[in-house]
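Worksheet for the structure shown next.
The values are calculated or read from the model by the stated rules, or taken from the named source; none is laboratory data. Values in this document were obtained by computation on a predicted structure and should not be read as measured data. Cβ placement follows ideal geometry from the backbone for every residue including glycine, while neighbour counts extend to all protein chains displayed. Surface areas here come from the heavy atoms of the whole protein model, side chains and all, with no ligands, DNA or RNA. Shrake-Rupley method; radii C 1.70, N 1.55, O 1.52, S 1.80 Å.
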Amino acid sequence: MARPKADLPAAAAIRALVDGEGRLAVRVTPGARVESLEIADGRLLAKVRVKPEDGKATEAVLALIAQGLGVGVSRLKLLRGATSREKLVGIVD
């Protein structure tokens, strides 16, 4: 059985959360049943299916955010939170 597509908000809604310095605060839930991005309390909530092992969940989060923004993963940079559920992602122009 195929996995369902990720539930993503509009790219404009995600971009509205980016601060003046191009940073996006993200709260991650690894090992979720369904991959999704949600907006709550002024930050992005990312749920990924991947378990938090060897940075795989972080890579999955960056890929999901890139998909939600409609940009390549190379345009995103992890600024803080490599081993934390609270991450700060920079968007490179």
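Residue by residue, here is whether (1) over 15 Å from T29 (Cβ atoms); (2) of a type in the set (S, T, Y); (3) modelled with pLDDT of 95 or more holds:
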{"site": "A40", "(1), (2), (3)": "no, no, no"}
{"site": "V48", "(1), (2), (3)": "no, no, yes"}
{"site": "A63", "(1), (2), (3)": "yes, no, yes"}
{"site": "A66", "(1), (2), (3)": "yes, no, yes"}
{"site": "R75", "(1), (2), (3)": "yes, no, yes"}
{"site": "L78", "(1), (2), (3)": "yes, no, yes"}
{"site": "E86", "(1), (2), (3)": "no, no, yes"}
{"site": "D93", "(1), (2), (3)": "yes, no, no"}
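Is it the case that segment 3-24 has a residue that's over 17 Å from G81 (Cα atoms), under 14 Å from the mean Cα position of the chain (by Cα) and among the basic types (K, R)?
yes
Determine the pairs where a residue that is among the hydroxyl-bearing types (S, T, Y), located within segment 21-38, has a partner that is in a strand (DSSP E or B) with Cβ atoms under 6 Å apart, the partner being 6 or more residues away or on another chain.
Note: pairs meeting the criteria are T29/K47; S36/D7; S36/K47.
Let's see how each residue does on (1) closer than 19 Å to D7 by Cβ; (2) out of contact with any Cys (no Cβ under 8 Å at 6 or more places or on another chain); (3) open to solvent by 20 Å² or more (accessible area, probe 1.4 Å):
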| position | (1), (2), (3) |
| --- | --- |
| V48 | yes, yes, no |
| A57 | yes, yes, no |
| L64 | yes, yes, no |
| V71 | yes, yes, yes |
| G81 | no, yes, no |
| G90 | no, yes, no |
